[in-house]
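This report concerns only the one structure given below.
The values are calculated or read from the model by the stated rules, or taken from the named source; none is laboratory data. Since this is a predicted model, take the numbers as computed values, not measurements. Every residue, glycine among them, receives a Cβ derived from its backbone with ideal geometry; neighbour counts consider all protein chains shown. Heavy atoms of the whole protein, side chains included, go into the accessibility calculation; ligands, DNA and RNA do not. Shrake-Rupley method; radii C 1.70, N 1.55, O 1.52, S 1.80 Å.
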Amino acid sequence: MPFRFLKYLQPTHYFQLKKENNTTVFPQIESLPKFIISHLDLDAKYQSKTAQDYDLSWQAIQEGYIGESKTYQAFETLPVIDEYRFIRKNFHAFWVFYVLVIRLLSFKNPFKDIPAFLKTRHIKRCGFKNKILLYSDYYSFQSDLIKEMPFISIVIPTLNRYEYLKDVLQDLEKQTYTHFEVIIVDQSEPYDSNFYTNYNLDIKLIRQEEKALWLARNTAVKAASSGFIALSEDDVRVKSNWLESHLKCLDFFQADISAGVFYPEGKSIPKSRSFFASASQFATGNALLKKSIFKKVGLFDRQFEKGRMGDGEFGLRCFLAGFKSISNPEASCVDVKAGIGGLREMGNWDAFRPKNIFAPRPIPSVLYFFRTYFGTKHSIYALLRMIPLSLIPYKYKGNQKVLVLGYFLIIFIFPLVIFQMVKSWRISSNKIKEGALINEI
């Protein structure tokens, strides 16, 4: 990351890491097109000219720049005051104070940090702008890929959600793009094969006795008879142009992955994800990718069975291998969040909120992912960032005032939280020792 302090606030973000070719996603300012730079806000009040450039590079990525410009391979150390200036511009004041506390507790020089913190206190958070408004020609783009009509295999694992699955299948019946099959791996009890007889779809049904999400997805990918894999779930709703929008995105950006956007039922796409951008996450509930990617990076890691972040780990493997992944709001889907079935039955639905007070926090697979790719220090930063948040009800997770309560609450239940984290750390250590369970096609 161009600014060091981001490791405290985004310690396990994809963009913290370099790709296998030793590049980052952040464009060098001198290589950016002039019209892009003209839409960015130059901040000449940074102490360092390098910090000014890094700020512009950060803005370009946040605003949706996707291009072929040269990227930074390494970042210089910036003055502490520039680091504080940057996070004040981009994060809530609570998180700026949080960074100061973490640095002081880490025995950083208080005679540098405290003055820098105080001198930047007048700086207001800029907030999200999305001023660039790139890729307007996307909407008039005529996709040759769509005209070629490649065959697509839609993968849907399901467990005790027939009531929700019927809605997804009805949505697929209405797709404007029709050259596809639907591979369903059904783990339901009781199992009802007759459920699938009433749909006008090319359904390839696989019965799986073992309740295992990543085994199901791996089985479906291996069974796919196409060059493109569309990943979906049994509790989402998609628009009639869902597949077409994914294909068009791949073609327009010459990308390998179209990473669709989720939004909760009854709401709309978040503004921060309402435009095309380099994808910083991957979700197996809404994506289209080339099957050849699995041949390069392997299938899904079965260390994540009954856990969380298996899709995030796969997405990171793709990122590190250099595959181009685009966050695609045009191929959005509604997350119904079914109250039954799925991970609610076979594992944990929430990565940081255990089912009972003596269960590990976070889910061990989360720490397995963090520690494997980001190391011990960044994993600890992630725990410090997320554990207090997990102590408050999920519906209040975006409320900064309630978040403060989470940090106070941890003081009173500190022994229990430490017990939960140590338990999670120990189990994740066993997973790391065992190693990844990634099969190849």
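The table below lists the values:
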read-out: Environment charge at Glu173 (Cβ cut-off 12 Å; Lys +1, Arg +1, Asp -1, Glu -1); value: -1
read-out: Projected-area average for segment 61-216 over all orientations - Cα convex hull basis, square nanometres; value: 16.7 nm²
read-out: Heavy atoms of Phe141: accessible area, 1.4 Å probe, square angstrom to 10; value: 60 Å²
read-out: Helix 310-320 axis, angle to the chain major axis (alpha carbon atoms, nearest 10°); value: 70 degrees
read-out: Which listed pairs, of Lys18/Lys296; Lys239/Lys296; Lys222/Lys324; Lys239/Lys295, have C-alpha distances above 24 Å, in listed order; value: Lys239/Lys296; Lys239/Lys295
read-out: Reduced Cα scattering model of segment 1-75, Debye log10 I(q)/I(0), q = 0.17 Å⁻¹; value: -0.64
read-out: Computed over segment 276-382: relative contact order in percent, which uses C-alpha pairs under 8 Å that are six or more apart; value: 30 percent
read-out: Exposure rank, largest accessible area first [Glu163, Glu63, Glu68; 1.4 Å]; value: Glu68, Glu163, Glu63
read-out: Taking the chain and dividing mean pair separation by its residue count, relative contact order in percent (alpha carbons under 8 Å, at least six apart); value: 16 percent
read-out: Accessible-area composition of the chain, carbon plus sulfur, in percent [1.4 Å probe]; value: 55 percent
read-out: Gain in span if fully extended, Ser292 to Phe107, counting 0.36 nm per residue against the direct Cα distance; value: 61.8 nm
read-out: Cα Rg, Dmax, segment 173-331, angstrom units; value: 15.6, 44
read-out: Cα-only Debye scattering, the chain: base-10 log of I(q)/I(0) at q = 0.06, 0.07, 0.08, 0.14 Å⁻¹; value: -0.27, -0.37, -0.49, -1.47
read-out: Segment 15-112, accessible area per residue, ligands and nucleic acids excluded (1.4 Å, Å²); value: 50 Å²
